[in-house]
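Derivation of every value follows stated rules applied to the coordinates shown; laboratory data play no part. Treat the numbers as computed from the prediction; the structure is a model and nothing was measured. FYI the Cβ positions are ideal-geometry reconstructions off the backbone, even for glycines, and counts take in every protein chain you see.
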Amino acid sequence: MTTGRTYGGESAEDRATRRRIQLLNAGLELFGTAGYRQATVRQICREAGITDRYFYEQFASTEDLLIAVYDVCVDRLAQAAVIAVGESEGGVVQIARAGLDALLGVVEDDPRLARVVWFEVLGVSARVEQRYLSQMTTFGELVVSLLGDRESLREIGETELRILADAAVGGISHAVVSWTVSDFQPPRVRLVESLATFLGGAASAFLQA
């Protein structure tokens, strides 16, 4: 636990938390624009508005910061989808439409997230690759939990539902990559509708099998 004196009404623990947030924001800005491989500790600290020594109080390396920024980005996407799905009603197409529109809305509003989540974490190291695979698995489990709560899908077996979720995550990820490199074309509403229809069709196929 961080200890130390209080300055200007801010405790040492609060200062450490603030600096960590500043570093995460700086990491998102640099990794999401110039790219992870172009970012140095000095550049990150300059962007964060802190001195270099404070970087190493929070992170052992820029790779550690990349993982932390990546986790924050994935959490933002997941939370947006969960909230939207929780407020929606209907079958697979309806909930998929709500969740996808929320997720893609976050990406469109802040393209840096897409670059970090789907580009910058690839090919860095085995450790980062493992985190990427772990997060994709977690996202698949989230899809399973969201779909599994719907009465219309309760007849699908657990294994089949998991396959559907994995296919959804993979397909959506590839579609988002294509969308971002195409300058967000087609318009979001068309992409959302197409992906929601795809997921609805896949779910129906499992139910009829």
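In debye, nearest 20: dipole of the chain around its Cα centre with unit charges on the Cβ of K, R (+) and D, E (-)?
It works out to roughly 680 debye.
Which value, in Å³ per residue, describes the convex hull spanned by the Cα atoms of the chain?
Convex hull volume per residue, Cα atoms: 147 Å³.
Which is farthest toward the positive dipole end of the chain among VAL82, GLY27, VAL69, measuring Cα position about the Cα centre, with Cβ charges +1 (Lys, Arg) and -1 (Asp, Glu)?
Among VAL82, GLY27, VAL69, the one farthest towards the positive end of the dipole of the chain is GLY27.
Sort 98-106, 139-147 by the packing proxy (mean of other Cβ within 10 Å over each peptide's residues), most packed first.
Going from most to least packed, we get 98-106, 139-147.
Please express the shape of region 39-112 as an equivalent ellipsoid: the semi-axes are the square roots of 5 times the eigenvalues of the C-alpha gyration tensor, given largest first in whole angstrom.
Equivalent-ellipsoid dimensions as semi-axes: 36, 11, 8 Å.
Hey, in the GNM for the chain with a 10 angstrom Cα cutoff, which one of GLY123, GLY27, GLY171 fluctuates hardest?
GLY123
Can you tell which of SER134, GLY99, GLN58 lies farthest toward the positive end of the dipole of the chain, using +1 and -1 charges on the Cβ of basic and acidic side chains (Lys, Arg; Asp, Glu)?
Toward the positive end, the furthest listed residue is GLN58.
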